[in-house]
Amino acid sequence: MKFDRVFNPTLCAYLLLSAPAGAAFADATQAATECFESREGATQVQPRDVEPNWQNVKCSPTTGAVLFWGDPFDGTIPMGDMPIEADYSHEEAVVKPREPYLDRNKLLTVCAMACHDGNYVPYPENKLPRPLKMHTDIVPDAMNLKHGKGAIWCLDCHHAANRTSLIDHFGNEISFNQPQQMCGKCHGQVYRSWRDGIHGKRIGMWDKGGKKRWWVCTECHNPHGVQQGDRNSGFTQLSPEHAPLLPKGQDRRVSTIDSRQEDAAFCAAPPLGMIDMPNSKKLTSVLAMIAASVMSTSVPALDGATLYTERTCITCHGADAKTPLMTEYPKIAGLAPEYALAQMKDIKSGARSNSHTLAMKNVMHLMSEEEMAAVASWLAGMPK
C-alpha cells in the first residue's frame, strides 16, 4: 500500500503537543473568532468564507486584531459624494459602512424612536454642555468631554434633532458613513493629508485609479476619548507582534498553519498499516489521547453581565438593574430567572405589548433565547 504521507512518531507528537490548547482544527477556530480591524470594540469583523477555503480576514490569536485581508472589499459600500476633489474622485473608492455597526443593537433606532423624537426628549434649545443621565457608557462625564479640550461638545458633531446624523458647520446632515466630512471641520490639515494618502489607511488595488478601500476617521480614532488621557494622542497604541504566516500553496489558498493542523489530524488517526515498530499500540494510544485533548472544542458560556450592557438594558434599568432611568421603569434585579426569561420572550413575540415594551421589543428581537436566559440568570444573582 502506498501512502502520500510518512508516519513520523516524533514529529506527530510535536505537532499535537504544540497545537493551540482547546482549539479545533481546520476552520473551526476561525469560524468562532471575532477580531477587530483597527480599533478594538469599534471595528469588529467576523471571519467567514468568501470562497471555499478562503476567508475574508485572518485573525491574530495573540492580539485579536486582523493580520491580513483575504478580501479587502468584503462588506464595503461606495464612499459617496465628496465635496473636495482627490484620488477618490478618479477611482472606485469604497468604505466599510459605520451605520450598521453603530446600530448593531438598534441603539440608533431606539434613540430616534423612543427618546429623541422631540416630545419624549425635547430638542435642545442650545448646544451648551450639560450633565447627561444617559450615554454614560460612551461619555462617562459629559461636562468633561475628552475631545477638543473644552472647546466643543456633543452637539457640535451630532445633529440636535436627528440623532442618526452628524452635522457640518452650517447644520447640514452628514452620514455616519462619512465622518471624515465632519471631522474635517476642525482637523483641516489632517483631512488634507487623509485625502492625499499620507494619513490613514487604504488597501486594495494600488495601481492608479484602481479600486481601494479607505479607512474613515472613527475606524481608528475614538471620538469620545480622543485625548487618550495623559498621552494626549488620538490613537490607542497597539502591541506589535511577529509577522503572520502568509498563505502558500498552488493556489495560494492553503496557509502553513492550516497545513500543520492537517498534519496533526493525520497523526491522530494514521491509516492502518502505517505503524510498524515496537510498542506501536502503546504509541498509538498515547497519540490518540493527545489528539483528543488538542482537538476538543470548548464553547464559552454566554456572559449575562456583558450582554446586559451590550444590548443596552443598562441604559434604562441601570448598571445594578435596580436604579432605573425613570420611576415607571421596573427594577429587575433579583427576579426569578424563569419569570424574567418569560417576560423577555413575550415582549419579543408580541404577546406582551403594554407599557414601554416598544423600546424593549427593538432590543429583544436581536437576542436569542440562549442570550435571554444568560441575562435572566445574571439578573437573578443581582441583589434586590
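Scanning region 140-152 for residues that are touching a residue at least 24 places away in the same chain (Cβ under 8 Å) and loosely packed, with under 13 Cβ neighbours inside 10 Å yields a total of 1. Filtering region 191-232 to residues that are more than 22 Å from residue 99 (Cβ to Cβ) and either touching a Cys at 6+ places or on another chain (Cβ under 6 Å) or assigned to a strand (DSSP E or B) (or both) leaves nothing. Counted as qualifying within region 45-95 are the strands (runs of 3 or more DSSP E) with 2 or more residues that are under 16 Å from residue 209 (Cβ atoms) and in the same structural domain as residue 174 (by TED's automatic domain parsing), namely 93-95.
Remark: residue 352 matches the filter, which requires a residue to be free of Cβ contacts under 8 Å to residues at least 40 places away in the same chain, among the basic types (Lys, Arg) and either loosely packed, with under 12 Cβ neighbours inside 10 Å or touching a helix residue (DSSP H, G or I) at 6+ places or on another chain (Cβ under 9 Å) (or both). The condition of being assigned by TED's automatic domain parsing to the domain that holds residue 197 and either part of a loop (DSSP other than H, G, I, E, B) or at pLDDT 90 or above (or both) holds for only one of 39, 104, that being 104. Of everything in region 355-382 that is assigned to a loop (DSSP other than H, G, I, E, B) and under 23 Å from the mean Cα position of the chain (by Cα), the residue that is surrounded by the fewest Cβ atoms within 10 Å (Cβ to Cβ) is 368. Screening the candidates 137, 117 for the property of being surrounded by 14 or more Cβ atoms within 10 Å (Cβ to Cβ) and either assigned to a loop (DSSP other than H, G, I, E, B) or not assigned by TED's automatic domain parsing to the domain that holds residue 166 (or both) yields one hit, 117.
Just to check your reading of the model, which residue among 213, 202 is modelled with pLDDT of 95 or more and not aromatic (Phe, Trp, Tyr)?
Working: 202 fails: modelled with pLDDT of 95 or more.
None of the others qualify; the one that does is 213.
Pairs are defined by a Cβ separation below 7 Å, a sequence spacing of at least 6 or placement on different chains, a first member in region 162-174 that is touching a residue at least 40 places away in the same chain (Cβ under 8 Å) and surrounded by fewer than 17 Cβ atoms within 10 Å (Cβ to Cβ), and a second member that is acidic (Asp, Glu) and not in a loop (DSSP other than H, G, I, E, B); the pairs so defined are 162/173. Of everything in region 175-199 that is more than 24 Å from residue 154 (Cβ to Cβ) and touching a residue at least 24 places away in the same chain (Cβ under 8 Å), the residue that is surrounded by the most Cβ atoms within 10 Å (Cβ to Cβ) is 195. Which residues, counting only those in region 301-349, are closer than 12 Å to residue 382 by Cα, in contact (Cβ under 8 Å) with a residue 24 or more places away in the chain and in a loop (DSSP other than H, G, I, E, B)? Within region 301-349, 320, 321, 322, 331, 332, 333, 334, 335, 336 meet the criteria.
The values are calculated or read from the model by the stated rules, or taken from the named source; none is laboratory data. Keep in mind the model is a prediction, meaning the values are calculated, not measured. Here the Cβ is made from the backbone with ideal geometry for all residues, glycine too, and neighbour counts use every protein chain on show.
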